[in-house]
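The values are calculated or read from the model by the stated rules, or taken from the named source; none is laboratory data. Note that the structure is predicted; figures quoted are calculated from it, not measured. All Cβ positions, even for glycine, are placed from backbone atoms using ideal geometry, and neighbour counts span all protein chains on display.
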Amino acid sequence: MSEKKISASESSPIASTAAKKSEIFRFNASYIAILHTITAYSAFIAALIVGTWLHYHKIVQNSSFGYPDEWFPSVSATIGDRYPERSIFQVLIAVTAGPRFLLLIFDFINLYRKGSVLPYIGFFSGLLRTFTCGGWVYITSTDDHDWHDIFMISYIVLTIPWTVCITILSKPGSFERQGRFYTSTSFFAMLVPLVYWFIQHKVHVRPGAYSIYAYFEWALILLDVGFDAWSIVDFNNIDIAISGQGIELTGAKPKTAVDKKKQDELLHDEFTDFEFYISSINAFVFWSVVTSLFLCVWYFPLWHMGISGYEAAVFSLFLSPAILIIPFVRNFISNYPSLTKTLTVLLGIGAYKVHEPENRLLTITAGTSFAIVSLVVDVWSLSNQPKKFNSYIISILIGLLGTSVFKFLCFSNNPIWPIMHKENGGYNEVGIFVGLIGAFFTPQLHSINSTTHNVKRAGGSFFLAALGIGGYFFSIESYLSDTSTLALWTWEGYPVKGPLPVTGALFNIGAVVLGVLAAISIPSKFFSNKFYNWFIGGGSAFVLYYYKGWTGYAGATVYSFYLTSIAPLIWQSSIGYNPSLLFFVGFFVHVFLGLASTWIVAYAFVPGGPLLRERTDIILGTSFVSILAGIWNYNLRRRSGEAVKIDFHGKKLFRQAWTILTVLLAISISAFFQRYAVESFKPYNAESKSFTTGIWCVHFGLDNDMWSSEVRMRDLIRDAEIDIIGLLETDTQRLIGGNRDFTQRIAEDLGMYADYGPGPNKHTWGAALLSKFPIIESSHHLLPSPVGELAPAIHATLDIYGELVDVVVFHSGQEEDVEDRRLQSLGIQEIMGNSTRPLVLLSYLVTTPLEGNYNTYVSEKSRMYDIDNSDWDRWCEYILFRELKKVAYARISRSTITDTELQVAKFKLLTNEEKQEIDEPFLYGNNYVNEDEIDQNLRMPQIFRGDGVRGHRYHVFDEPRYFAQEKN
């Protein structure tokens, strides 16, 4: 076939009237590359899903280690070791062969250069490479290890001429040439860590090394297929026409341009009031679904005590936009926008109907994927309608604020999350009803086909735009999705020197409201200058990070305003680029930052974790610099003078936004007065002058079945009549925890003061103190941790019946980190030893009774005594005390709330006479008495006798242990 015949400029789509009449079928050659990409990826992904589902422990097993030392399967183990995943992979990869050979042919035709040898080298190396692929696919390492490796090495070697030739032959300066260059460079760069970790596995026999090796091996697969996917862009200029006269290759049909009148209408068209309100409802659903994904994923590493494999669900955030590279898919979704939004509601909010945690995660992952796809299509459809696009941006902000306001109303939980249901305060049915209204009434936006090609992409950089989108999404989801998140960043304990979650909420909401109104009213040029971004944005972020109390919260409030006000700049800087690819990269940045924000505290459990250990400054700084990249791109494009005019602000949008913002403000103020405590709290047994303490590790407020558990916790604490309780593993004010604070619900419902403990920027898993007695003062401590996780502690002084009593809540480090736990025991010993008051330690010590570090906690220096040193069946939770009279001790079973029991101890204050004549052997010894000898108002609740209630009962001793109150 001659070069002239396939030239778009020299051949019409239909050569003649006769040919036109006889044409049977016409399709664009890009569908060949699309089909190749889908079949190739699906072969590997399907094998991975089936293998993980059926044989997870077997496919992560290697010659040296198994689960949990190894947690991620290699490519060869996934596709070649077991049935049926091996068969599924081989069938799908066989189907890929047809598109593969066509891809080679059309790459040769499209990139052919007369007189150049490169097209021939590229074609034949690609052909041989395809056959060697068949070699290592159908001869697995299990079948014949040597031949499998020979074909694999040949495949990688042939990749060099294939990628080099195809990249060089691509049009100079084109987007696809840059894409091929970066993809192929990344491919070969991955070989370095791949070899390194293989040596670590094979030579040094290092546990976990093969799983890390597998990460890079899978990355090679993604990049390999991704390199060929750039042909989708390349083949857009070739149509394949099948007619009665044969098969003909022609230039693609020219796109129909929008006429000047239509273009002007699009430029000045605005959302109607109804459209804006519907868009805001859809945005509320979008944020409710997207913010639940990390939270649901978090359940699995918690219960697996390490990487579980389910973390891969977060990849849906950046993989979902990739499907829109297929023209048919994006046009179909654009023409039927209600479809994806309905699926978002049914799968995202409706996921609560799925009771198995694994299946619920898969359901919410699907819902999130449709939410992301819907967002990207909306952006694509509105890319040439600046007024509507600006309204859409504002509705996205209002939707996020709406989730934050309703979380404030519902004690920091989004009532339509899939961890909620009717029994724990969920309103999922209402959410589905409202969400479906938004979905069904979603208007069809202007067709993608008629607008996309009129958007000019002059100046700026694709990667700067993607960085801006990624950093911005991470920032607003991490810092603005709950009213109490930034308040707890600045919380330092009692006496109160800054905002509490309730008192700080209105400041946060007010800052976001003002930011939205500023984004509408003030020209974008004002927000794009260096002073505003570096001084206002950067300065407020620094104050938030560095200062505490009201000063730090002032920085948090300004930063909230800043993030909201720059929204139009970040979004508008993305106009003109392919949204599918832009959001693919942008959400990859978002996921990367999201995982990194977990690594800063989970460093002891993940490969390479120490690199980010306790580096909140890096995460906050990186997200801010990413935002600056988006602002920079906006300025570059604006200075080019060729970008579409984007400053469209008007009274109509202001009125539409203010209407909804007024409602949200009214709800917020109502919630504030409803939640603000005005009455003093009363202990359960004030008449007996006794108080009950408890210690409980609550596993981040997610029960065994992945439901939010604070309502069940509240009920047990109430029934056990606990006046002072230490809760451990409570820091959920981060992306993976859903940015929520479940202690708010418990404390407010039970009438208790709350100290959240070290905040989310202190890199601990959290420790909280709830008390019915006033907290006079408290300090937060981070105990020594050279190797493992940071150990949080709260040292508080309470006013108990007019006497000052110290309470220490403490969570020790992991069993594996012996030196950490020793140093931490010395640190707590010093805190307790320096106190001059009666003291109770509510703790998680990770030690055996009477052994090891136990003798540091219970020692002459600490002056502390065990509540019951004959209770040998403890490993983690301990209650220690001094200068108090112990009354009773019990252990209550947890049911399915968490993985740790609730331990409780009842005390009385010593009288003046007892203080002067302390008989320590008697006072602190295990002088057991029968319950009948104890006053009625000092007895433990009878509700937990026998079978107990709701799965909670006294266990180990079958009844509480009571101690003598006075000498006989």
* For Ile325: the one exception among (1) over 23 Å from the mean Cα position of the chain (by Cα); (2) closer than 17 Å to Gln444 by Cβ -> (2)
* Asked: Out of all the residues in segment 761-775, is one or more over 24 Å from Met706 (Cα atoms), small (Gly, Ala, Ser) and buried (at least 23 other Cβ atoms within 10 Å of the Cβ)?
  -> yes
* Output the qualifying pairs, or none if there are none: Cβ atoms under 9 angstrom, residues six or more apart or on different chains, first residue in segment 716-727 and at positive phi and part of a strand (DSSP E or B), second residue at pLDDT 95 or above and buried (at least 24 other Cβ atoms within 10 Å of the Cβ). => none
* To do: Among the residues of segment 665-692, count how many are in a loop (DSSP other than H, G, I, E, B) and either in contact with a His (Cβ under 9 Å, 6 or more places away or on another chain) or polar (S, T, N, Q) (or both).
  => 2
* Which one of these is basic (Lys, Arg) and modelled with pLDDT of 95 or more: Arg718, Arg638? -> Arg718
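With respect to Val846, is the statement that it is assigned by TED's automatic domain parsing to the domain that holds Leu880 and in contact (Cβ under 8 Å) with a residue 24 or more places away in the chain true?
On the way: assigned by TED's automatic domain parsing to the domain that holds Leu880: yes; in contact (Cβ under 8 Å) with a residue 24 or more places away in the chain: yes.
Criteria met by Val846.
Going by the conditions given, is Ser825 in a helix (DSSP H, G or I) and either among the polar types (S, T, N, Q) or over 10 Å from Leu783 (Cβ atoms) (or both)? Reasoning before the result, please.
Numbers: in a helix (DSSP H, G or I): yes; either among the polar types (S, T, N, Q) or over 10 Å from Leu783 (Cβ atoms) (or both): yes.
So Ser825 passes the test.
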* **Odd one out for Asp799 among (1) under 29 Å from Leu302 (Cβ atoms); (2) touching a Pro at 6+ places or on another chain (Cβ under 6 Å)** => (1)
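Let's see how each residue does on (1) hydrophobic (A, V, I, L, M, F, W, C); (2) part of a helix (DSSP H, G or I); (3) at pLDDT below 80:
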{"position": "Pro99", "(1), (2), (3)": "no, yes, no"}
{"position": "Asn110", "(1), (2), (3)": "no, yes, yes"}
{"position": "Gly115", "(1), (2), (3)": "no, no, yes"}
{"position": "Pro119", "(1), (2), (3)": "no, yes, no"}
{"position": "Thr140", "(1), (2), (3)": "no, no, yes"}
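Let's see how each residue does on (1) basic (Lys, Arg); (2) assigned to a helix (DSSP H, G or I); (3) touching a residue at least 12 places away in the same chain (Cβ under 8 Å); (4) within 30 Å of His55 (Cβ to Cβ):
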site: Pro68; (1), (2), (3), (4): no, no, yes, yes
site: Ala94; (1), (2), (3), (4): no, yes, no, yes
site: Gly126; (1), (2), (3), (4): no, yes, yes, no
site: Tyr155; (1), (2), (3), (4): no, yes, yes, yes
site: Ile166; (1), (2), (3), (4): no, yes, yes, no
* Asked: Which condition number does Ile432 fail, the rest of (1) outside any helix (DSSP H, G or I); (2) more than 30 Å from Lys651 (Cα to Cα) being met?
  -> (1)
* Asked: What residue, of Asp806, Asp820, is closer than 21 Å to Phe907 by Cα, acidic (Asp, Glu) and crowded, with 20+ Cβ neighbours inside 10 Å?
  -> Asp806
* Check Pro193 against each of (1) at positive phi; (2) at pLDDT 80 or above and name the one condition it does not meet. => (1)
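Criterion first (within 17 Å of Gly538 (Cα to Cα) and either buried (at least 18 other Cβ atoms within 10 Å of the Cβ) or in the same structural domain as Trp534 (by TED's automatic domain parsing) (or both)) does Tyr577 satisfy it?
Numbers: within 17 Å of Gly538 (Cα to Cα): no; either buried (at least 18 other Cβ atoms within 10 Å of the Cβ) or in the same structural domain as Trp534 (by TED's automatic domain parsing) (or both): yes.
Here the answer is no, as Tyr577 does not meet what is asked.
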* Of (1) surrounded by fewer than 23 Cβ atoms within 10 Å (Cβ to Cβ); (2) assigned to a loop (DSSP other than H, G, I, E, B); (3) free of Cβ contacts under 8 Å to residues at least 40 places away in the same chain, Gly813 satisfies all except one. Which? -> (1)
* Structure fact -> Considering only helices (runs of 4 or more DSSP H) wholly within segment 282-382, the ones with at least 1 residues that are closer than 30 Å to Gly66 by Cβ and either among the hydrophobic types (A, V, I, L, M, F, W, C) or in contact with a Ser or Thr (Cβ under 7 Å, 6 or more places away or on another chain) (or both) are 316-319, 357-381
